[in-house]
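Participant: What follows is a single structure, and I will ask about it in a moment.
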């Protein structure tokens, strides 16, 4: 046991792994977001509350539950009657006193046993079908609710949880719940009914032998309680490490080009193996304790059978009980202890399911993206595009402010460029305007209305975003452009593509607008993906446009093509342009320079160059090679 105590916790192991990664990165914070806090240090939720919520999902299939309980009740009653029929057959062999043999009663008892076991087998088959259907209906509801919740999670949650772990909850954890419902739930209900029925028969046959058989119960309860505590610890940790392993795989696969380009294959393998080793160690302990539970319960049960046999033998010697009654009592005694053993044998499955359900409910019960709306929020119509940031303060982590008394006033139709060094807060401005994150203090006004009093859906319907990392889906080109406005006509679709300078390359694709894109649009060039993103924004016709480093990943010729499309897109719209390439913002109405969370300079391109401040230094660094 000392070795178990000396093992690092999963949180400590993952923290060390995260620190190793950060040695080779400039900043542990994702672009415009908080640090990637691992969830594995969190304590598991209350087991009783989790079981109650899980019961709620099972209860949605009430008719199936009632059928399953009814079938199990009949099967259990038939199994309980079998030892009583067997008792009659054994006693009939000697008419209860060993002096005769009643063949008719023996044959009748054997026929009765055959009927009982035959009907029991048929109903057990029906029980299996009902349990499977109940299991699939339950996880169908859970998986649906979980995925629906994932689509409504705040960006803060996504930023602070590894994507592989979220995927693990939707797949592995829900599957563990499915296994428990189909395999263990029926067994658990049947065990409870068997326990009560067996005890009733035992008391009816011999209260004295019943007391003898109950002697081992405290030992059974004590042993199972101690083992359960250890098992729960390791099975919960095992589920968390599976999530961590999935996260490692997901990050390596999605970032494969970067891994290979920097020759980080060995480091990736080492990081994977570190988590894999911890999972192996935890899995060994989980399986050891899970395997020991059953044999331990069987050993305690056998001690009870021995005690009943010895006591029954003395009672039969004194003619206080018949041989048939002793035989039946031993059968009932086994049926009485069997449920305890079955629960013990199924405990590892149940604990794994509860651990998985806890992780599923952690997401389902988390704050909804739209729960941040105040009750009085409403839709906004006829948006002009006036924006006012008034003394805005914000920090991703308490005590580490990103924006400090930030002030910015934008009039409708203006083009405002935001520049600054990495980490200065440029993307944070976008996150706050779109309410992906809520400000700590101050206010952001849209046409004189605090955006916290505007519903998030209405606010975002009026904002279009073109990001540096274009997000495309494995669907047709047309579907990707229509992503923000599914009811657009084909003519509107083509007009948007022409405005974005995307129509020419789309027409050259094998199926034109019906061409199905590969994952993330990998069968298109970076510039083509960006033009599709601009076409998407054109079609959605936003009143406010955000261009977040939209040309920083393309060559100069493609940049000119994208710039032409963006000029058309920005016409008549309030536009916020975040750019590292300062050549793309020369014609902005105003350029603001962010540093240390607030605006340090503002003006036109020429004014800022003449001022010789930070903008001048940034510009010279890019175009004149001057060190700053």
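Every read-out reported here was derived from the displayed coordinates using simple, explicitly stated rules and does not represent laboratory data. A quick note: this is a predicted structure, and the numbers were derived from the prediction, not measured. Counting neighbours? That spans all protein chains shown, and the Cβs are built from the backbone with ideal geometry, glycine included.
Participant: Calculate the all-directions average of the projected area of region 153-278's alpha-carbon convex hull, and give it in nm².
Facilitator: For region 153-278, averaging the hull's shadow over all directions gives 11.7 nm².
Participant: Quick one: what do you get for region 222-339 if you divide its Cα Rg by 2.2 N^0.38 Å?
Facilitator: Scaled against compact globular proteins, the figure is 1.94.
Participant: Right, here's the next one. Using packing as a proxy for protection, rank 500-508, 601-609 so that the peptide with the highest average count of other Cβ atoms within 10 Å comes first.
Facilitator: Per-residue Cβ counts within 10 Å, averaged per peptide and sorted highest first, yield 500-508, 601-609.
Participant: Next question, about the same structure. Measuring from the lowest to the highest alpha carbon on each principal axis, how far does region 472-541 reach, largest first, in angstroms?
Facilitator: 26, 20, 19
Participant: Just report the Cα centroid separation between region 224-293 and region 425-442, whole Å.
Facilitator: 36
Participant: Something else: Which order do the peptides 126-139, 394-407 come out in when sorted by mean C-beta neighbours inside 10 angstrom, highest first?
Facilitator: Most protected by this proxy first, the peptides run 126-139, 394-407.
Participant: Counting residues in region 41-369 as N, plug N into 2.2 N^0.38 Å and put the Cα Rg over that result.
Facilitator: Working it through for region 41-369, the quotient is 1.29.
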